[in-house]
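Student: Dropping a structure here in structure tokens format, bear with me for questions.
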Amino acid sequence: MTNSLLYIRNLSKSIGSITPVKGISFELERGSCTALLGPNGAGKTTTLRMLAGLLSPSGGEIQYEGGGKSGRDWQKRIGYLPQYPKFYGWMTGMEYLIFSAKLSGLSGAQARKRSLEVLDTVGLREAAKRRIAGYSGGMKQRLGIAQSLVHEPSLIMLDEPVSALDPIGRREVMDLLSRLRGEVTILFSTHVLHDAEEVCDRMVVMVDGRIAEQGSWTELREKYRQPVLLLEVEPAAREEAWLRTLPGMPFVESADIRSRTAALAVRDLDQARNALMREMSDSRIRFQRIEAGTSSLEDMFMKVVGG
């Protein structure tokens, strides 16, 4: 735990008869960018709210930097952006950040200086004097990230930061997170694998309140990498019917069959390829394409979450 900023063990939360978080454990390394991945309802938001000190855990332990338990001191070193941030539309971006900075304990002069710095960081300096009501969705989300940074925290936590944005707004926020990597420790939740893969070096996958998998991208690629054969046949009823028989073949471990295509996960690529070629020859199957490759991170994610 020498380079760990956040350490949690067996963290749980019960709300009445519901337990959205069921004894999870993981660490965040200083300067890392970690994705908290999982389908809707997996417990991601409840986890972030506990780590930010907005919810009290029902059980388990949260420690920050060197073993100190979370409390008021550490809350001051955390920046948090909820999934649906609220803004005062009549304020300008600059006024809102100064207000947030003062709430965090900065003096008037410090608040103004720091607000200008983070407006530059998030690319909103030119819009600093515009009313927030006139901001686009992407601009508001970048302002929300600026609010989470204004008091110079050690860790920022973002709950689904791009889920409600159009493609342009999403690109603005993802580019910003890429620039922030290494400058501050980042933990953000998402249910979109591509977003996590784009900017994060580690991921924690939650399913039904539990951690189903965690590790670096490299570790997870190696763990879940599997040979795959991709096959496309001619658009004919006989060929398409033959495709539907492939999941029962002994060389196939799992199969994704569409109308004219099949993605076959196999254990031994050479043996499976030879067997498939024999099957196609014996059945006189007209194929358009056959490729050999390996499973993707999306395949891994769907396998972990049970999709």
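Nothing in this text is a laboratory measurement; each read-out follows from the coordinates by a stated rule. Values in this document were obtained by computation on a predicted structure and should not be read as measured data. We place every Cβ from the backbone using ideal geometry, glycine too, and count neighbours over all the protein chains shown.
Student: Taking Cα pairs under 8 Å and at least six residues apart, what relative contact order does segment 4-214 come out at, in percent?
Tutor: 32 percent
Student: Between Glu126 and Met302, what is the FRET efficiency for a Förster distance of 41 Å, r being their Cβ-Cβ separation, to the nearest 0.05?
Tutor: 0.45
Student: Given Cβ point charges of +1 (Lys, Arg) and -1 (Asp, Glu) and nothing else, what value in debye, to the nearest 20, does the dipole of the chain about its Cα centre take?
Tutor: Value, rounded to 20: 1100 debye.
Student: Moving on to the next point. How would you rank Ser216, Ser178, Ser4, going from fewest to most other Cβ atoms within 10 Å of each one's own Cβ?
Tutor: Ser178, Ser216, Ser4
Student: Hey, got a sec? Which trypsin sites (Lys or Arg not before Pro) in segment 1-103 land in a DSSP loop and have at most 11 other Cβ atoms within 10 Å?
Tutor: Lys86
Student: Quick one: if the Förster radius is 51 Å, what FRET efficiency do Ala109 and Ala236 give, using the C-beta to C-beta distance and rounding to 0.05?
Tutor: It comes out at approximately 0.10.
Student: Mind listing which trypsin sites (Lys or Arg not before Pro) in segment 249-287 are in a DSSP loop and have 14 or fewer other Cβ atoms within 10 Å?
Tutor: Taking segment 249-287 and a limit of 14 other Cβ atoms within 10 Å, the loop trypsin sites (Lys or Arg not before Pro) found are Arg258, Arg267, Arg284, Arg286.
Student: Let me ask something else about it. Counting DSSP beta bridges in the chain, what percent are antiparallel, to the nearest 5?
Tutor: Within the chain, antiparallel bridges account for around 65 percent of the total.
Student: Next question. What value, in deg cm²/dmol to 500, does the helix sum -39500 (n - 2.57) over DSSP H runs of n ≥ 4 give at 222 nm once divided by the residues of the chain?
Tutor: -10500 deg cm²/dmol
Student: Given labels modelled 7 Å from the Cα in the Cβ direction, how far is it in nm from Arg181 to His194?
Tutor: 1.7 nm
Student: Need the full-extension length gain, Leu54 to Asp270, defined as separation in residues times 0.36 nm minus the C-alpha distance. One decimal, nm.
Tutor: Net length gain for the segment: 72.3 nm.
Student: Excluding same-chain residues fewer than 8 positions from Lys13, which lysines have a Cα within less than 29 Å of its Cα?
Tutor: Those lysines meeting the cut-off are Lys22, Lys44, Lys69, Lys76, Lys86, Lys303.
Student: Efficiency by 1/(1 + (r/R0)^6): what FRET value for Glu219 and Asn10, r their Cβ-Cβ distance, R0 = 22 Å, to the nearest 0.05?
Tutor: That pair, Glu219 with Asn10, gives E of 0.45.
Student: Another question, then. Kirkwood Rh over alpha-carbon pairs of the chain, then Stokes-Einstein at 37 °C and 0.692 mPa s: what D in µm² s⁻¹, rounded to an integer?
Tutor: Translational D for this selection: 150 µm²/s.
Student: Between Asp208 and Arg289, what length comes free when the chain is fully extended (0.36 nm per residue of separation minus the Cα-Cα distance, one decimal in nm)?
Tutor: 25.2 nm
Student: Give, in nm to one decimal, the length gained when the segment between Ser163 and Arg77 is fully stretched (0.36 nm per residue of separation minus the Cα-Cα distance).
Tutor: Extra length from Ser163 to Arg77 when fully extended: 28.4 nm.
Student: Could you pull out every one of the aspartates and glutamates with an alpha carbon less than 19 Å from that of Lys129, ignoring same-chain neighbours closer than 8 positions?
Tutor: Lys129 reaches Glu95, Glu117, Asp120.
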